[in-house]
Amino acid sequence: MISVMAHEDLKRPEGAADDWTIPQDWDAYTPAEHAMWDTLFERQAKMLPGRVAPVFLEGLDVLRMSKPGIPDFRELSERLMRATGWQVLAVPGLVPDRVFFEHLANKRFVAGRFIRRPDQMDYLQEPDIFHDVFGHVPLLVNPVFAKYMQAYGAGGLRADGMGAIDRLARLYWYTVEFGLIREGDSLRTYGAGIVSSYAESIYCLDDPSPNRLGFGLKRLMRTNYRIDDYQQTYFVIDSFESLLKATLETDFAPLYKELDGQPDLNPPDILPEDKVYTVGTQAYARLRASA
């Protein structure tokens, strides 16, 4: 699994710039590291069609990610800049919240440059380059989703001054990382934590365990989440346009105040007013709890 955001007590590593960026140093990758990328890419590329939002696959094509080996951020940024004005920059790992928001608000996506080891194929606590680049960057080719990410960064800067980062982190978690989208009569994945994970790409759509609920900004921001296992609830958006509209047209300051007066919801909770696509059995969560 991955972390949404870091904490402010992180110390900037030696050699990192003031904005925490570092050179990707693409020439330093070993053949084994390039081979790991290719293995992960091939596995996901074969499984995702029919499961992922079509715009994600379009992004892979535009960015030419099917080219063997770990992508060079300079080449990736050139193509991304032509599409939506974004760029990809390397960072040493997790960065402080405000640094993260500043980059997003200025159309810069920061990515870790290391890649997982063979024994970490299916579980990784800290996001690596495959999660960050394969999982996140293709959707930044889509103008609407790219605007949502920029708006999220600007909103994060405001939330930082209101002590509301934990609330806003839930929005990121349940959309950018683990979101589902409705495509006609079917559900598709788009969240980076899902599309970069072979097992969760299958679980989130096929397994009877999790709830699948309609997106609601207030509802989602009341809901806790787990960072160490599959999700117990996934939230479904109707479109990237509706997600962007909900974000841009909401005054978050009074929403944060309202939420402070309400109890948090646990991930498996279902409310009477929820739009329910699937009522989960929660069998997987119970099995894990008893193990």
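The values are calculated or read from the model by the stated rules, or taken from the named source; none is laboratory data. If you're wondering where the values come from, they're calculated on a predicted model, not measured in any experiment. Cβ sites come from the backbone with ideal geometry, for glycine too, and all protein chains shown count toward neighbours. Accessible surface is based on the protein model in full, side chains and every heavy atom, while ligands, DNA and RNA are left aside. Shrake-Rupley method; radii C 1.70, N 1.55, O 1.52, S 1.80 Å.
What does DSSP give for the stretch 157-291 in terms of the percent of beta bridges that are antiparallel, rounded to the nearest 5? Taking every DSSP beta bridge with both residues in the stretch 157-291, the antiparallel ones total about 45 percent. Assuming 0.692 mPa s and 37 °C, estimate D for the stretch 60-153 with Stokes-Einstein, Rh taken as the Kirkwood radius over Cα pairs, in µm²/s. In µm²/s, the coefficient is 241.
A Förster radius of 45 Å combined with the Cβ-Cβ distance from residue 30 to residue 226 puts the calculated FRET efficiency at roughly 0.85. Probe 1.4 Å, all protein chains in place: accessible area of residue 114 in Å², nearest 10? The accessible area of residue 114 comes to roughly 70 Å².
When 27, 207, 251 are compared by accessible surface with a 1.4 Å probe, the order from highest to lowest is 27, 251, 207. Taken over the chain, the alpha-carbon convex hull comes to 136 cubic angstrom per residue. Measuring nothing but protein heavy atoms, the accessible surface of the chain at 1.4 Å probe radius is 51 percent carbon and sulfur. Ranking 21, 39 by solvent-accessible area of protein heavy atoms (1.4 Å probe, all protein chains present), from largest to smallest, gives 39, 21. Which of 67/275; 147/218; 67/147; 67/107; 46/245; 147/275 have a Cα-Cα distance over 30 Å? Violating the 30 Å Cα-Cα cut-off are 67/275; 46/245.
With r as the distance between the Cβ atoms of residue 10 and residue 238 and R0 = 41 Å, compute the FRET efficiency 1/(1 + (r/R0)^6) and round to 0.05. After rounding to 0.05, the efficiency reads 0.65. The distance between label points at residue 202 and residue 144 comes to 3.1 nm (points 7 Å beyond Cα on the Cα→Cβ vector). In the chain, helical runs assigned H by DSSP with n ≥ 4 each contribute -39500 (n - 2.57); averaged across all residues and rounded to the nearest 500, the mean residue ellipticity at 222 nm is -12000 deg cm²/dmol. Annotation: the antiparallel percentage among DSSP beta bridges lying fully within the chain is about 35.
Site-free segments of the chain were taken between trypsin sites (Lys or Arg not before Pro) in DSSP loops having at most 11 other Cβ atoms within 10 Å, sites themselves excluded; the longest one is 65-291. Tell me, which longest segment in the chain has none of the GluC sites (Glu not before Pro) that fall in DSSP loops with at most 14 further Cβ atoms within 10 Å? Answer - 15-248.
One equal scatterer on each Cα of the stretch 145-248, no solvent, Debye formula: the resulting log10 I(q)/I(0) at q = 0.12, 0.19 Å⁻¹ is -0.38, -0.95. Which FRET efficiency value, to the nearest 0.05, is calculated for residue 58 and residue 154 with the Förster distance at 22 angstrom and r the Cβ-Cβ distance? Rounded to the nearest 0.05, the efficiency is 0.30. In the elastic network of the chain, a GNM with C-alpha springs shorter than 10 Å, the most mobile of 110, 55, 88 is 55. Taking one quarter of the surface of the convex hull spanned by the alpha-carbon atoms of the stretch 60-106 gives a direction-averaged projected area of 3.9 nm². One Cα centroid belongs to the stretch 116-178, the other to the stretch 188-234; the line between them spans 14 Å.
Using a probe of 1.4 angstrom and keeping all protein chains present, the accessible surface of the chain works out to 45 square angstrom per residue.
The heavy atoms of residue 206 present about 90 square angstrom of accessible area, all protein chains included, probe 1.4 Å.
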